[in-house]
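To keep things clear, I will list the structure first and then write my remarks on it.
The values are calculated or read from the model by the stated rules, or taken from the named source; none is laboratory data. The shown structure was predicted, so the numbers you read here are calculated from the model rather than taken from an experiment. So basically every Cβ, Gly included, is an ideal-geometry build from the backbone, and we count neighbours across all protein chains shown.
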Amino acid sequence: MPGLDAFGVQLKRGDGAEPEVFTAIANLSNLEDGGRTRNTIDVTSHDSPNRYMEFVGGLIDPGEVTIDINYDPAVHDVLEADLEDEDPRNYQIVFPDPAQTTFSFAAVMTGFSKSAPTDDKLSASLTFKVSGKPTIA
């Protein structure tokens, strides 16, 4: 099977209402899921076989999601407030596959940087620290 074209991927932001409504963040130009990592716990003892260190799985760090947008202050002003929020907000990454696979997660925005070069577009890079276990549907 050939790979899938990434064009059309969306990052949607939850409104926190009940039921929650998700709205796509406009002008998304790049999305990177930094992945999850598992810590390890050293359980080596004096009677570990063959003098090899032994480990068990520890906590999983759910990672970060970083997006780049073609920044429009009038459209993206709501995102500025997310950086001020202490509590995680719900987000969804919707992939452009036929099943519209959705990666749902709670996150705290940890970075919002803007760029305004002389001869290029106004852009911004946003970083979200995922909190808790994401779900895939």
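Based on this model, can you work out whether GLY8 counts as surrounded by 10 or more Cβ atoms within 10 Å (Cβ to Cβ), closer than 23 Å to ALA81 by Cα and small (Gly, Ala, Ser)? So GLY8 does not fit the description; no. Would you check if LEU4 is within 13 Å of LEU126 (Cβ to Cβ) and modelled with pLDDT under 95? No, not satisfied. The lone criterion from (1) farther than 24 Å from ASP77 by Cβ; (2) out of contact with any Ser or Thr (no Cβ under 7 Å at 6 or more places or on another chain) left unmet by ASP61 is number (2). Would you mind stating whether PRO88 is in contact (Cβ under 8 Å) with a residue 60 or more places away in the chain and surrounded by 13 or more Cβ atoms within 10 Å (Cβ to Cβ)? The answer is no for PRO88. You will find that of GLU64, GLU32, the residue that is closer than 26 Å to THR135 by Cβ, touching a Phe, Trp or Tyr at 6+ places or on another chain (Cβ under 9 Å) and either at pLDDT 95 or above or aliphatic (A, V, I, L, M) (or both) is GLU64 and no other.
Do we find a residue being hydroxyl-bearing (Ser, Thr, Tyr), over 26 Å from ALA6 (Cβ atoms) and either loosely packed, with under 13 Cβ neighbours inside 10 Å or modelled with pLDDT of 95 or more (or both) anywhere in segment 69-81? Within segment 69-81 (the criterion being hydroxyl-bearing (Ser, Thr, Tyr), over 26 Å from ALA6 (Cβ atoms) and either loosely packed, with under 13 Cβ neighbours inside 10 Å or modelled with pLDDT of 95 or more (or both)), the answer is no, since none of the residues qualifies.
Within the set PHE95, PHE112, the sole residue that is over 19 Å from ALA17 (Cβ atoms) and touching a helix residue (DSSP H, G or I) at 6+ places or on another chain (Cβ under 6 Å) turns out to be PHE112. In segment 88-118, how many are at pLDDT below 95 and either part of a helix (DSSP H, G or I) or of a type in the set (D, E, K, R) (or both)? Qualifying residue count, segment 88-118: 1.
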